[in-house]
Amino acid sequence: MRSQPSEHEEQAALFRWAALQQRRRPELALLHAIPNGGDRHPAVAARLQAEGVRAGVPDLCLPVARGGWHGLYVELKTRRGRPSRRQRAWLRALRAQGYRAELCRGWPQARAVIESYLDGAPSAGAAPVQREGPRGEGAA
């Protein structure tokens, strides 16, 4: 038997929590997933890439301005999951553009980040970042 939830299960749990909290926090109705990951048939993957799907884009977006940020992006991993180089680069690039962008391990941590964001709390992960593009290239 598997000892930890999958990323799918973590994300589904987070969205169940968000649905239950929408009365108290109506902004959560804007929280949405960005379905970039997963195994796909090569033809489907090629079509999605042509439509603008990009590797490494964070899993979740909350397009609500708070505390000087334009919005919040969350890369959600399992408690033991590790972000890819492209995912880390996207988080840095989004922070450099004025978004709060966080790596969260498990849905409880993502919930805490979302709540602190909506309350206007500062981000521990929003320290100055290196200028690096979403593909990992450094600035010239």
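The values are calculated or read from the model by the stated rules, or taken from the named source; none is laboratory data. A quick note: this is a predicted structure, and the numbers were derived from the prediction, not measured. Every residue, glycine among them, receives a Cβ derived from its backbone with ideal geometry; neighbour counts consider all protein chains shown.
Hey, any hits in the stretch 87-95 for a residue that's surrounded by fewer than 16 Cβ atoms within 10 Å (Cβ to Cβ) and either in contact (Cβ under 8 Å) with a residue 12 or more places away in the chain or on the phi > 0 side of the Ramachandran plot (or both)? Among the residues of the stretch 87-95, not one is surrounded by fewer than 16 Cβ atoms within 10 Å (Cβ to Cβ) and either in contact (Cβ under 8 Å) with a residue 12 or more places away in the chain or on the phi > 0 side of the Ramachandran plot (or both), which makes the answer no.
Here Arg40, Arg25, Arg47, Arg54 are screened, and the one residue that is in contact (Cβ under 8 Å) with a residue 60 or more places away in the chain, over 17 Å from Ala112 (Cα atoms) and among the basic types (Lys, Arg) is Arg54.
Looking at the stretch 1-20 only, could you name the residues that are more than 19 Å from the chain's Cα centre (by Cα) and farther than 17 Å from Pro83 by Cβ?
Initially, the stretch 1-20 is screened for residues more than 19 Å from the chain's Cα centre (by Cα), giving 1-4, 20.
Listed by number, the residues that qualify are Met1, Arg2, Ser3, Leu20.
Can you tell me which residue in the stretch 34-59 is surrounded by the most Cβ atoms within 10 Å (Cβ to Cβ), limited to those that are more than 16 Å from the chain's Cα centre (by Cα) and not in a helix (DSSP H, G or I)? Among them, the one singled out is Arg40.
In the stretch 73-101, what residues are more than 17 Å from Gly37 (Cα to Cα) and of a type outside the set (S, T, N, Q)?
We begin by selecting, within the stretch 73-101, every residue more than 17 Å from Gly37 (Cα to Cα); these are 79-80, 92-101.
Hits for the stretch 73-101 are Arg79, Arg80, Arg92, Ala93, Leu94, Arg95, Ala96, Gly98, Tyr99, Arg100, Ala101.
Inspect the stretch 17-33 for any residue being in a loop (DSSP other than H, G, I, E, B) and touching a Lys or Arg at 6+ places or on another chain (Cβ under 7 Å) and give the result as yes or no. No - not one qualifying residue is present in the stretch 17-33. If the Cβ limit is 6 Å and pairs must be 6+ apart or interchain, which residue in the stretch 7-20 that is at pLDDT 95 or above and buried (at least 16 other Cβ atoms within 10 Å of the Cβ) pairs with which residue that is assigned to a helix (DSSP H, G or I) and not charged (D, E, K, R)? Correct list of pairs: Glu10/Trp107; Ala13/Trp107; Leu14/Trp107; Leu14/Ala110; Ala18/Leu28. Among residues belonging to the stretch 12-51 that are in contact with a helix residue (DSSP H, G or I) (Cβ under 7 Å, 6 or more places away or on another chain) and among the polar types (S, T, N, Q), point out the one that is farthest from Thr78 (Cα to Cα). The selected residue is Gln22.
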